[in-house]
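**Student:** Dropping the structure in here first, questions after.
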Amino acid sequence: MRRRAGPSSSLCRIVVPLLLAVTLLVSCATTGKYQRVLQSWMGADVNGLIQAWGPPSNQYAMPNGHVMYTWLWVGGTLVTVRYNQYWNMVTAGSVTYWCKTTFTASPSGILHSWRWEGNACRSS
């Protein structure tokens, strides 16, 4: 007796190749490359950075006259659901992709340091 392909099997034929393609694209982008992009701005004028990256999400004037410029990017959320037949149990989880990057500029507007945090700070 031959099993009939239901809606879930045709969905798998679409979703699995799509997930593989996304994984391959994301794997080309690395945090090392992102750090090189950040480092390339050192010694540059902050106005050029703002022109290239857009307005910062936040800025903080430090007591020594330096200014911290922060960009925050929050992407989509990936939700996973798994069924364990052995335990007859469903588990779910989620990951929200985000990247927070901060540059510090001297009182004259020259960039001299950077830092980043998050799980989506990558560049290709």
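The values are calculated or read from the model by the stated rules, or taken from the named source; none is laboratory data. These numbers were taken from a predicted model, which means no experiment stands behind them. Every residue, glycine as well, gets a Cβ built from its backbone with ideal geometry; the counts of neighbours run over all protein chains shown.
**Student:** Identify all residues within the range 56-69 that are surrounded by 15 or more Cβ atoms within 10 Å (Cβ to Cβ) and within 20 Å of the chain's Cα centre (by Cα); write none if there are none.
**Tutor:** Pro56, Tyr69
**Student:** Now a separate question. Output the residue which, of all residues in the range 81-124 that are of a type in the set (A, V, I, L, M, F, W, C) and surrounded by fewer than 10 Cβ atoms within 10 Å (Cβ to Cβ), is farthest from Val37 (Cα to Cα).
**Tutor:** Taking the range 81-124 and keeping what is of a type in the set (A, V, I, L, M, F, W, C), we get 81, 87, 89-90, 92, 95, 98-99, 103, 105, 110-111, 114, 116, 120-121.
If we keep only those that are surrounded by fewer than 10 Cβ atoms within 10 Å (Cβ to Cβ) as well, we get 81, 87, 89-90, 92.
Details: Val81: 36, Trp87: 47, Met89: 44, Val90: 41, Ala92: 35 Å.
Restricting to residues being of a type in the set (A, V, I, L, M, F, W, C) and surrounded by fewer than 10 Cβ atoms within 10 Å (Cβ to Cβ), the top hit is Trp87.
**Student:** What's the number of the condition Gly76 fails, among (1) at pLDDT 95 or above; (2) surrounded by fewer than 11 Cβ atoms within 10 Å (Cβ to Cβ); (3) under 26 Å from Ala29 (Cα atoms); (4) in contact with a strand residue (DSSP E or B) (Cβ under 9 Å, 6 or more places away or on another chain)?
**Tutor:** (1)
**Student:** Here's another thing I want to ask about it. Give Thr70, Thr96, Thr101 a once-over and let me know the one that is in contact (Cβ under 8 Å) with a residue 60 or more places away in the chain and among the hydroxyl-bearing types (Ser, Thr, Tyr).
**Tutor:** Values: Thr70 fails: in contact (Cβ under 8 Å) with a residue 60 or more places away in the chain; Thr96 fails: in contact (Cβ under 8 Å) with a residue 60 or more places away in the chain.
Just one listed residue meets the conditions, Thr101.
**Student:** Confirm whether Trp53 is among the aromatic types (Phe, Trp, Tyr), surrounded by 13 or more Cβ atoms within 10 Å (Cβ to Cβ) and out of contact with any Lys or Arg (no Cβ under 6 Å at 6 or more places or on another chain). Talk me through it step by step, then tell me what you get.
**Tutor:** Values: among the aromatic types (Phe, Trp, Tyr): yes; surrounded by 13 or more Cβ atoms within 10 Å (Cβ to Cβ): yes; out of contact with any Lys or Arg (no Cβ under 6 Å at 6 or more places or on another chain): yes.
The answer is yes for Trp53.
**Student:** Output the residues belonging to the range 86-124 that are assigned to a strand (DSSP E or B), at pLDDT 95 or above and of a type in the set (S, T, N, Q).
**Tutor:** Result: Thr101, Thr102, Thr104, Ser113.
**Student:** Among (1) at pLDDT 95 or above; (2) of a type in the set (Gly, Ala, Ser); (3) in a loop (DSSP other than H, G, I, E, B), which single condition is Ala5 missing?
**Tutor:** If we test Ala5 against (1) at pLDDT 95 or above; (2) of a type in the set (Gly, Ala, Ser); (3) in a loop (DSSP other than H, G, I, E, B), just (1) comes out false.
**Student:** Moving on to the next point. Only one of (1) without any contact (Cβ under 8 Å) to a residue 12 or more places away in the chain; (2) under 14 Å from Cys99 (Cα atoms) is not met by Pro55, so which one is it?
**Tutor:** (2)
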